[in-house]
1. Tell me yes or no: at least one residue of the range 245-257 is of a type in the set (Ser, Thr, Tyr) and either outside any loop (DSSP other than H, G, I, E, B) or at pLDDT below 95 (or both).
2. Residues in the range 258-293 that are touching a residue at least 40 places away in the same chain (Cβ under 8 Å), farther than 24 Å from Gly214 by Cα and assigned to a loop (DSSP other than H, G, I, E, B): how many?
3. Of a type in the set (Gly, Ala, Ser) and in contact with a helix residue (DSSP H, G or I) (Cβ under 9 Å, 6 or more places away or on another chain): is that true of Gly143 in this structure?
4. Looking for something without any contact (Cβ under 8 Å) to a residue 40 or more places away in the chain, farther than 29 Å from Ser164 by Cα and surrounded by 18 or more Cβ atoms within 10 Å (Cβ to Cβ) - is there at least one such residue anywhere in the range 37-53?
5. Any residue that is out of contact with any Lys or Arg (no Cβ under 9 Å at 6 or more places or on another chain), within 13 Å of Val8 (Cα to Cα) and of a type in the set (S, T, N, Q) - is there at least one of those in the range 39-48?
6. Please tell me if His249 is touching a His at 6+ places or on another chain (Cβ under 9 Å) and closer than 17 Å to Thr307 by Cβ.
7. What residue, among those in the range 81-138 that are surrounded by 14 or more Cβ atoms within 10 Å (Cβ to Cβ), among the hydrophobic types (A, V, I, L, M, F, W, C) and over 27 Å from the mean Cα position of the chain (by Cα), is modelled with the highest pLDDT?
Amino acid sequence: MATDLYGVLGVGKTATADEIKKAYRKLARELHPDVNPDQSAQERFKQVTAAYEVLSDDQQRAKYDRGGADEFGGYGANGFDLGDFVNAFFGGAGNQRGPRARMTRGQDALIRLRIDLSEAVFGVEKEITVDTAVACKSCDATGSASGSELVQCAMCKGRGEVSSVQRSFLGDVRTTRACPQCAGFGNVIEHPCTECSGEGRVRTRRNVKVIVPGGVDTGLRLKLAAQSEVGAWGGPAGDLYVEIVVNEHTSLKRSGDDLHLQITIAFTAATLGCSVSIPTLDGNKNLKVPAGIQPGTVLSVKSLGSTHLRGSGRGDLLVHVMVEVPKEVDAKQKKLLEELAKLRGEEVPTANVTTDLQNDGFFAKLKDAFGK
């Protein structure tokens, strides 16, 4: 049914450009969604805006006045389908005419996978179980029972949409919406498959192989393309995202691609130097501790850290050395220590004051190593 663009703006066909602009601004101030939230006002605002877009352009207005049917959805100067034009202008249903595809893409899914630190460092292949939807084999994902087919919707005659005409002070306005009987598909499943209830897919549990590369850390997500649920009626599957969670290690801490280990040695070993066996992800290794090492010193062992996720090689193993001072000594040990103190000129104890704990103290080193 026809609608007059000039009538929408409330001006005559001989109105000047200024009169058209003035009429539009007046209506826009009354009908703008920020001012008038009423749904009917919002619809009219779209109509007013669409009409102004044509009449404010000299070339489009001239074509409209001449009855340019091709320019305005099949209607000329005597009127046009306002609902169609508004939908096209605002990106609505006017751009999506005809029945919509029944086939839809499946939803993406997220699942968390816990792994040990060694698996995160070196990589691992895991198999996870997911509850998902797969194509129904009974109906071959069509949703129709065996021997039956889709039938054309009786309400919309296969168009997937229905139209209605409403009378208003603007004239007769035609609106188009998805067919309520077939949900816009244009056809209906007359005899649904009993296995999938007409959806073309069924729920099931299946195993999925996940290849975890070396160097991953907690929070990293791996994308398994098309490994999530399949879409309805034979639609493509969504993607499965696997979020990594790395379990805490009993002795090793990770910081980036470096691993940290804290060991404690006797004060005699710290003084004289020693070789100790330390645990690593590559098995036990011998660590040489230099004589006179100070508490909190960090020794670096190259290439015993985590694999670099991007690139080659590995990080380092950083060993934090603590020195244990005995709380009790027997008489013989005490005498020997007193003799050592005398030989070193340390009969009278002195204290060296550290003024920069934030940068030089072992507290700061421990904080950097384990506080992250």
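1. The answer is yes, given that some residue of the range 245-257 is of a type in the set (Ser, Thr, Tyr) and either outside any loop (DSSP other than H, G, I, E, B) or at pLDDT below 95 (or both).
2. 0
3. yes
4. No: zero hits.
5. Yes, the conditions are met somewhere in the range 39-48.
6. No; evaluated as a whole, the condition is false for this residue.
7. Among those that are surrounded by 14 or more Cβ atoms within 10 Å (Cβ to Cβ), among the hydrophobic types (A, V, I, L, M, F, W, C) and over 27 Å from the mean Cα position of the chain (by Cα), it is Cys136.
The values are calculated or read from the model by the stated rules, or taken from the named source; none is laboratory data. Nothing here was measured: the structure is a model prediction, and the numbers come from that model. Positions of Cβ are generated from backbone atoms using ideal geometry, with glycine treated the same way; all protein chains shown enter the neighbour counts.
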